[in-house]
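Rule-based calculations on the coordinates, nothing more; no lab input. A quick note: this is a predicted structure, and the numbers were derived from the prediction, not measured. Neighbour counts run over all protein chains shown; Cβ positions are idealised from the backbone, glycine included.
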Amino acid sequence: MSASARVPSGPPAQPGDGGTRTGGKPRKRTRSKDPLWARLTVIIGAVLMMTSGVAIVGSKAVIGQATGDIAQRNLLGGAGKSDAEGGANLDGPIDLLLLGVDAREQWAADDVRSDSIIVLHIPASHDQAYMISIPRDTEAQIPPFKKSGYRGGTDKINAAFQAGARNGGGWEGGAQLMAQTIKNMTGVSFDGAAIINFGGFKKVIDALGSVRLCVSQDVKSIHMGLVNGKPKYIANAKLDGDKWEPLVHKKGCREMSGALALDFARQRYGLKNSDYDRQQNQQQLIKAMARKATQNGTLTNPVKLQKLTKAAGESLVLDTGGVPVADFIFTMRGVTANDLVMLRTNAGTYNRVSETNTREALSPTTLEMFKAVKEDKLAEFVFANPSVLSTRK
């Protein structure tokens, strides 16, 4: 993901008809270790960058008002859960597709790929959440898509979004084709989906103040440099005629602003395991945001909460399958930031299709992990296969 242009304020509006499924009775769970809403509410948490972990204080009415500005579209198409899979209610396991796009002001809405792909699984107990990142270079059979005129073919999985978005398919078409491609590959159907524009992601972090991240290895940014000691996009520095020096994210733990946190989470060049390390760094950032949201008074301060939800509304598009956002949040109220488990595909390293093909393949263990997601047996799978756990904290 390069940074050749100034950061846009948010995603372009996309037409849509919304979800098609109806909400069911939310599962009632209580805990005594935190105030009711001083917790991670996974749906909105997952959605705010592809998750920031926003918990909300108050009733469903308050939640509905706070999240009213978030655009809702039909992002799943035929990849949503059927009634037989429990798609008509939230009583069972919940699976969400989270897509990160790097949209630029000069790019058309149909010329965007999704380089960050996360499946978020919440078991039927609704007291845990698991993040699984799919490598952007995974070779996939992308099915035909009538809306955009795409005839189908074999490509990197991140191309599915672009194939669905072109010829007027828009971001909805891109998400729908991505969701169908993943369903065909893994067998997992979805309850909801979200698209986050990385340009707007910075605002969400800044609304939290900062986040604490731990850098596992030194990495030089390919997007940002330092101008008079302050971070600035290299392309913008060149346009402005500024003298800049390299920005290096040094090994160690520290608080990061929105600009630095976003930049760190975008890096893959120079990392030992390239996109696999970036996947872990992005998951770490998501969890850090969830923690910060429950620690800095955001959830109990109406002004801070309004600023946060406003930033979210400018940065994402959401599909809850026709279920009111407030119901999703209420159902997820038992999950805290510490319950957010980060998992790795392909043991966190390269798994090439062949010696002459640089595309990635999902390993047998990874496919078994997705089977466990579908069968809601992921906890048992992780216990038996601890190597899938992320090395980040």
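Numbers at a glance
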item: Residue 85 paired with residue 238, simple spin-label distance in nm, labels 7 Å along Cα-to-beta-carbon; result: 4.4 nm
item: Sorted peptide list for 369-378, 383-392, criterion being average Cβ within 10 angstrom, highest first; result: 369-378, 383-392
item: log₁₀ of I(q)/I(0) at q = 0.11, 0.17, 0.18, 0.21 Å⁻¹ - the stretch 150-289, Debye sum with one point per alpha carbon; result: -0.54, -1.06, -1.12, -1.24
item: Most to least packed among 264-276, 239-251, 159-171, 182-194 [average Cβ atoms within 10 Å]; result: 159-171, 182-194, 264-276, 239-251
item: Karplus-derived 3J(HN,Hα), 6.51/-1.76/1.60, for each residue of the stretch 220-234, Hz, glycine and proline x; result: 7, 5, 9, 10, 10, x, 10, 10, 6, x, 10, x, 8, 4, 4
item: Residue 380/residue 251 FRET efficiency (R0 35 Å; Cβ-Cβ; nearest 0.05); result: 0.50
item: Sequence-distant lysines (8 or more away, or on other chains) whose Cα lies within less than 20 Å of residue 203; result: 230, 232, 287, 292, 304, 307, 310
